[in-house]
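Structure first, then comments.
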Amino acid sequence: MGKLRKVYDFMKGFLPTVPIWGTLAYLSWVSPIQPARSQEITPEMLNPKRVERKVETAAEAFGIQDKLSRNLEGITSGIPEPEEMIFEPHTPNPKNLKRVEQKYFQYREVLEVAKVLFAEAGNQNRENRKLIARMIVNRLYTPGYQKTLWGVIHRDNSFSCTFDGSLQWKKANWQAHKNEYEEHEFQECLEDASAVMQHGWTSGRREEKDLMAYHDISMKKAPNDKYWNKLKPVMRIGRLVWYVERN
């Protein structure tokens, strides 16, 4: 009897923690830990509407949908709306329409342009990406720019991704890992560059052969910026505003 009393006194110190240990034991029996399984990432999985619905469902499950809505409203309200832009009328330059262009670029040149498309405009629609490739070719035939494709891309700080050490540029040059979705995106960029430089793709837009620059709608230009003041905006596609040289 004395031994039982000693055991009881010893266990009494652990009694408050019994529910916790019991719960953990129950959970480990009901829901054993499973090894993580790799899952293929597809573009559909990254669909914003699908992701948004998953977030809402999780918020409802945890009872924090009101807090989530307030946070989202605070985030979106802090994003400034782009200024209303006035696009000037443009008559295509006859010289550009008649110019004779290189019919077929080498693969290494197409690849270099594809790297720029991936790093600069991987999140843009495919027409915008093809127009960026077209713009690079336009510069190749324009006085004041380099006379080689490599020079047009890498000199004069034309594309910030080539000199600012961005992660996307490192991924484009296989210096950083690309996930499965990014690999697919890079292949699309390669196809877009090839369509323009090897297969004669055209958008059918009258400004196409005059395009010389672009920027995202969120960019703010200085009023006295000499470079941008030499250009005029002619159209907007998605988030990109496109420019041609003033006559």
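The values are calculated or read from the model by the stated rules, or taken from the named source; none is laboratory data. Please read all numbers here as calculations on a predicted model, not as lab measurements. Methodologically, a virtual Cβ is constructed for each residue, glycine included, from the backbone with ideal geometry; neighbour enumeration extends over all protein chains shown.
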Qualifying residue in segment 211-221 (condition: loosely packed, with under 14 Cβ neighbours inside 10 Å, outside any helix (DSSP H, G or I) and of a type in the set (Gly, Ala, Ser)): yes
Output for segment 131-158, where each listed residue is modelled with pLDDT under 90 and under 21 Å from the mean Cα position of the chain (by Cα): 157, 158
Selection within segment 173-190 - within 14 Å of residue 121 (Cβ to Cβ) and either of a type outside the set (A, V, I, L, M, F, W, C) or modelled with pLDDT under 95 (or both): 182, 185, 188
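So that you can scan it fast, the table gives a plain yes or no per residue for (1) closer than 16 Å to residue 115 by Cα; (2) of a type in the set (Asp, Glu):
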residue	(1), (2)
148	no, no
155	yes, no
161	yes, no
174	yes, no
183	yes, yes
236	no, no
239	no, no
Within segment 222-241, tally of residues that are assigned to a strand (DSSP E or B) and either touching a helix residue (DSSP H, G or I) at 6+ places or on another chain (Cβ under 9 Å) or modelled with pLDDT under 90 (or both): 3
Helices (runs of 4 or more DSSP H) contained entirely in segment 90-200, each with at least 1 residues that are free of Cβ contacts under 8 Å to residues at least 24 places away in the same chain, among the β-branched types (Val, Ile, Thr) and buried (at least 21 other Cβ atoms within 10 Å of the Cβ): 126-140, 149-154
Matching residues, segment 114-147, being β-branched (Val, Ile, Thr), farther than 20 Å from residue 207 by Cα and in contact with an Asp or Glu (Cβ under 9 Å, 6 or more places away or on another chain): none
